[in-house]
Amino acid sequence: MKDPEALKQAMRYGGVKARVTTLAQILQCSRVTARAKLNGCVPFKDFEIAELAQYFGWTPEEVYRLFIER
């Protein structure tokens, strides 16, 4: 992920206030893992990106911008 702040902002636009808690629930992981992923310390796996895209209704272009584009 190139810009953790862009992901946080996209989640805010999706109506999420408790980003770490929501991310942990969506990905079914601990809050520690969710926080590390959200801050760019641990990479997202492909299936996790797909889960987030489905949950938030992101287009392929948005997914590319958030997770792939360098």
*When every alpha-carbon pair in the chain is counted, what percent end up more than 20 Å apart?*
15
*asked:* I'd like to verify something in the chain: which complete DSSP H helices, judged by Cα projection on the helix axis, reach 27 Å or more and average at least 0.5 on the Kyte-Doolittle scale?
replied: none
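Which value, in Å², gives the accessible area per residue of the chain when a 1.4 Å probe is used on the protein heavy atoms?
Values: 4570 Å² over 70 residues.
On a per-residue basis, the chain sits at 65 Å².
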*In what order, largest first, do K45, K8 sit by accessible area if the probe radius is 1.4 Å?*
K45, K8
*Can you give the accessible area of E48 in Å² (nearest 10), computed on protein heavy atoms with a 1.4 Å probe?*
10
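Would you calculate, for the chain, the mean residue ellipticity at 222 nm contributed by helices, counting each DSSP H stretch of 4 or more residues as -39,500 (n - 2.57) and dividing by all residues, to the nearest 500?
Numbers: 5 runs with 42 residues, N = 70.
Only helices count here, giving -16500 deg cm²/dmol.
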*Determine how large the accessible area of I26 is when every protein chain is in place; take a 1.4 Å probe and give Å² rounded to the nearest 10.*
30
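In debye to the nearest 20, how big a dipole does the chain give about its Cα centre with +1 on each Lys and Arg Cβ and -1 on each Asp and Glu Cβ? Provide the component values of the computation, followed by the final result.
On the way: 11 positive and 8 negative charges, 73 e Å.
The dipole magnitude comes to about 360 debye.
The values are calculated or read from the model by the stated rules, or taken from the named source; none is laboratory data. Fair warning: this is a prediction, and the values are worked out from it, not measured in the lab. So basically every Cβ, Gly included, is an ideal-geometry build from the backbone, and we count neighbours across all protein chains shown. What goes into the accessible areas is simple: the full protein's heavy atoms, side chains included, and nothing from ligands, DNA or RNA. Shrake-Rupley method; radii C 1.70, N 1.55, O 1.52, S 1.80 Å.
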